[in-house]
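For reference, the structure is listed below as structure tokens.
The values are calculated or read from the model by the stated rules, or taken from the named source; none is laboratory data. As the structure is a prediction and not an experimental result, all values here were calculated from the model. Here the Cβ positions follow ideal geometry from the backbone for every residue, glycine too, while neighbour counts run over all protein chains shown. Areas reflect the complete protein model, heavy atoms only, side chains present, ligands, DNA and RNA absent. Shrake-Rupley method; radii C 1.70, N 1.55, O 1.52, S 1.80 Å.
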Amino acid sequence: ERRLGTTVTEVGDGYAVLSDGAKVEADAVVWSAGVRASQLTRQISDELDHLGRVPVDRRLRALPEVFVAGDTAAAAFDAEHTVMQACQHATPLGKVAGYNAAADLLGLPLRDFTPGPYVTCLDLGGAGAVFTRGWDRRVMASGADGAAVKKWINHRIHPPVDDARKILAAADHVYIELPFFPLSEGEAASAV
């Protein structure tokens, strides 16, 4: 249920109170205040997107001498979407922008940024987690099954920190392999 133009004014044990006076029962309350890119993006461009991010081309170049990555890059995901300000996009953005900055200095070919599949995995504490795929956020796993997916992802997103060879190998590996993705439309979430 959506209640537009309404904010949360109080959160209590098992409920939230909205600014229109409605009291809503809730097992969990997720308060999302939104994100904006750093004001430093204004030093690169006056043409920022609605989140203050710098528009970039498919190689993450904003200006001839500037590559942009992470939460400050308004990079295309596909024809309809730009990437999200989240680690699933920020990490590969950083790897591709870093590669391209070095390649540009060395006169080598640049890589295109080609995002991996869009997924969302939200930890709900004792209630488990919810794992979705696609921009319409189809639920693929929830509860304990979703928590297992979230745990699997969390164990794989942390880069090595003490071995130069492993660090460089991880830098060249742009995306985490998701063996459970994509599931066919008819598969049950328990297959995850």
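Quick notes
- Partners for K150 among aspartates and glutamates (Cα-Cα distance below 20 Å; same-chain residues under 8 apart left out): D27, D123, D136, E177, E187
- Relative to the longest principal axis of the Cα atoms of the chain, the long axis of helix 143-156 lies at roughly 20 degrees.
- Positive-end ranking of V35, T91, P115 along the dipole of the range 35-115, with charges on Cβ about the Cα centre, is headed by T91.
- Euclidean distance of C-alpha centroids, the range 33-78 and the range 90-161, integer Å: 19 Å
- Accessible surface of L105 - all protein chains present, 1.4 Å probe, nearest 10 Å²: 150 Å²
- Across q = 0.20, 0.21, 0.26 Å⁻¹, the range 114-169 modelled as identical point scatterers on its alpha-carbon atoms has Debye log10 I(q)/I(0) values of -0.74, -0.78, -0.95, in the order of the q list.
- Fraction of alpha-carbon pairs over 19 Å apart in the range 35-115 - percent: 30 percent
- Helical mean residue ellipticity (222 nm; -39500 (n - 2.57) per DSSP H run of 4+; nearest 500) of the chain: -7500 deg cm²/dmol
- The chain - charge dipole about Cα centre, Lys and Arg +1 at Cβ, Asp and Glu -1, debye rounded to 20: 340 debye
- Computed from Cα positions, the angle between helix 87-106 and the longest principal axis of the chain comes to roughly 10 degrees.
- Per residue, the chain exposes an accessible area of 65 Å² to a 1.4 Å probe, with every protein chain left in place.
- Here, P(r) means the percent of Cα pairs in each 10 Å bin from 0 to the largest distance; for the chain it is 8, 26, 31, 24, 9, 2, 0.
- Of the residues Y99, Y15, the one with the largest accessible area comes first in the ranking Y99, Y15, computed with a 1.4 Å probe on protein heavy atoms.
- Measuring only protein heavy atoms, the 1.4 Å probe finds I167 accessible over about 70 Å².
- Heavy atoms of S32: accessible area, 1.4 Å probe, square angstrom to 10: 100 Å²
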